[in-house]
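The values are calculated or read from the model by the stated rules, or taken from the named source; none is laboratory data. Model, not experiment: these values are computed from the prediction. Here the Cβ positions follow ideal geometry from the backbone for every residue, glycine too, while neighbour counts run over all protein chains shown.
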Amino acid sequence: MEKNKITLWTLVFGLFLFCIVSVSSDTIQLEKGYLRFEDLKKRFPGLQYKLDPVILVGEIHFKNSSEFKFRVDSTYYIHRNNIESLPKPILYISRDLYLPKELVEAIFIYLIDTEVSYKFTEDALVLNLYQKVIIQPEEISLRHLIIDAGHGGKDPGATAVNGEYEKNYTLKIAKMIKKYIKKKFPNLKIKFTRKKDVYVPLEDRAKIANKKLASSRDTIFISLHCNSTPTPEKSPHGYEVYYLAQTSSIETTRETSIVSSHLIDIRRDPKVRQIQSGMLSSVVQRRSILLAKAIDSKLKESLESKIASRGVKKNNYQVLRGSLMPAVLIELGFISHPQDVKMLEEKSVQIKLAEGIAEGIKNYVMAKN
Ligand SMILES: [Zn+2]
């Protein structure tokens with residue numbers, strides 16, 4: 001019964017394609033303050049115009065949208081029975097329409113069905129075209145994902161070359177990852193250690209994650225940070241994926257926490273308990289390494305060097321030390337490096353980060369099983 005339910009459920013979700021946006025940048029040159037209709041149409045193929053060659057009266061429309069009615073050489077056009085004026089007339093030269101930028105803006109606002117962010121410079125139109133990214137939902141045999149957006153509140157983390165704080169990048173990207181993964185793996189429950197710009201002490205972050213373990217062992221932890229160096233002129237760039245560098249004292253602490261968190265049967269003989277906690281601790285360590293490698297390898301694929309991989313590394317991070325489940329810390333890039341900052345600001349790159357992490361988690365789960 002349960003299996004049938006799951007199959008049906010997958011089918012139902014599979015029929016609906018989930019969409020989110022990605023963005024790419026594009027520049028169109030203006031000619032004496034005018035934009036050629038053909039140049040605009042290349043970016044928005046649904047855009048059309050009709051023109052009566054004799055009386056030079058025409059209309060512009062986008063797919064099934066309402067239309068703009070205009071006359072060549074006139075500074076007026078009509079939209080939904082309203083007469084709108086333009087500072088310059090619409091021109092028709094060598095069988096092409098030339099649009100004043102105010103009309104282009106009106107087209108973006110009233111006709112085009114895609115979200116467009118744009119700005120006019122002296123001689124060009126810079127477009128951010130939002131395209132739909134289709135995510136096919138999949139089942140994953142993992143119950144919980146804890147996403148830890150590093151820093152927050154009174155702890156801003158590092159400061160980027162553009163003055164932005166690390167805490168804002170980590171939260172913004174955490175939210176993008178959540179949005180993506182919720183669509184990719186609808187059955188995976190996602191929990192944040194912070195949802196807003198608030199301060200959460202490091203030890204509390206691991207505690208929040210460990211609390212989840214009480215209800216499900218099938219939980220992983222991902223902490224997000226950004227790197228920086230005090231000498232920006234010599235700043236390296238790239239992302240890094242960390243797992244905990246294990247020492248015997250860390251190992252002992254983790255084993256003690258495993259016992260105190262009741263992750264093993266504490267009624268057992270102390271010797272058995274020690275063996276069990278030691279075994280569990282080494283499973284957590286092995287799986288953390290597996291998770292780090294899987295995420296790094298998939299991020300490499302999805303980012304296509306937009307942010308370069310600096311590889312899988314180990315370190316004694318407090319937030320990883322406290323975690324009793326497979327856990328990794330991702331340094332998303334160097335915010336002391338202008339190129340990494342530019343990439344982290346871009347929505348399309350944030351989506352690629354989310355995609356790489358999601359695919360990495362999937363590969364980890366498959367390898368673990
Ligand atoms: Zn940090």
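Listing for the model above:
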item: Hits in segment 293-311 - residues which are part of a loop (DSSP other than H, G, I, E, B) and surrounded by fewer than 19 Cβ atoms within 10 Å (Cβ to Cβ); result: E304, S305, K306, A308
item: Residue in segment 223-243 that is within 16 Å of the ligand (Cβ to nearest atom), among the hydrophobic types (A, V, I, L, M, F, W, C) and either within 26 Å of V365 (Cβ to Cβ) or out of contact with any Asp or Glu (no Cβ under 8 Å at 6 or more places or on another chain) (or both) present; result: yes
item: Residues (at pLDDT below 90 and either surrounded by 13 or more Cβ atoms within 10 Å (Cβ to Cβ) or under 18 Å from K32 (Cβ atoms) (or both)) located in segment 68-83; result: H79
item: Residue match in segment 137-154 (condition: within 29 Å of the chain's Cα centre (by Cα), among the hydroxyl-bearing types (S, T, Y) and either away from the ligand (no atom under 16 Å from the Cβ) or crowded, with 19+ Cβ neighbours inside 10 Å (or both)); result: yes
item: Check on Y110, modelled with pLDDT under 90, within 30 Å of E345 (Cα to Cα), of a type in the set (S, T, Y) and part of a helix (DSSP H, G or I); result: yes
item: Strands (runs of 3 or more DSSP E) contained in segment 44-106 and holding at least 2 residues free of Cβ contacts under 8 Å to residues at least 40 places away in the same chain and over 23 Å from K119 (Cβ atoms); result: 47-51, 57-62, 67-71, 76-79, 82-85
item: Lone qualifier among V341, V349 - being in contact (Cβ under 8 Å) with a residue 40 or more places away in the chain, touching a Lys or Arg at 6+ places or on another chain (Cβ under 6 Å) and part of a helix (DSSP H, G or I); result: V349
item: Qualifying strands (runs of 3 or more DSSP E) (wholly inside segment 158-261; at least 2 residues being of a type in the set (F, W, Y) and out of contact with any His (no Cβ under 6 Å at 6 or more places or on another chain)); result: 239-244
item: Failed condition for T252, given (1) touching a residue at least 24 places away in the same chain (Cβ under 8 Å); (2) more than 15 Å from the ligand (Cβ to nearest atom); result: (1)
item: Number of positions in segment 196-212 that are over 20 Å from A292 (Cα atoms) and touching a residue at least 24 places away in the same chain (Cβ under 8 Å); result: 10
item: All positions within segment 161-170 that are within 12 Å of the ligand (Cβ to nearest atom) and either among the aliphatic types (A, V, I, L, M) or more than 18 Å from Q339 (Cα to Cα) (or both); result: K167
